[in-house]
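Worksheet for the structure shown next.
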Amino acid sequence: MTFTQLRTFALVAELGSLRAAAAALGVSEPAVSSAVAALRADLGDPSSGAPAPGSASPRADGRWPRAPGSSSGWPTAPGAR
């Protein structure tokens, strides 16, 4: 994650479009799209296709692993009780 990616994302959100953010930054729309996609991947956005660093991932059958002693089925954070 870089400052440029964060700034680009903030401008897209503020101005409401990739085109407007690109114009404000003086770059192309594909450059803005790439910066936002890279930020999403860095943050582990599921729709970006990249898991967040250190996050649990589904097993091969698509189901999420259960944490030992967990009845909810949600993974438990390391050190959590």
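Starting from 0.36 nm per residue, how many nanometres of slack lie between Ala20 and Asp45 once their C-alpha separation is accounted for? Could you put the intermediate results ahead of the total?
On the way: separation 25, 0.36 × 25 = 9.00 nm, distance 2.33 nm.
Full extension of this stretch gives 6.7 nm more.
What's the ranking of 8-18, 24-34 by average number of surrounding C-beta atoms within 10 Å, highest first?
Values: 8-18: 15.6, 24-34: 14.1.
Most protected by this proxy first, the peptides run 8-18, 24-34.
Since every read-out is calculated from the coordinates, none of them should be taken as a lab result. Being a predicted model, the structure only gives us computed values, none of them experimental. Cβ sites come from the backbone with ideal geometry, for glycine too, and all protein chains shown count toward neighbours.
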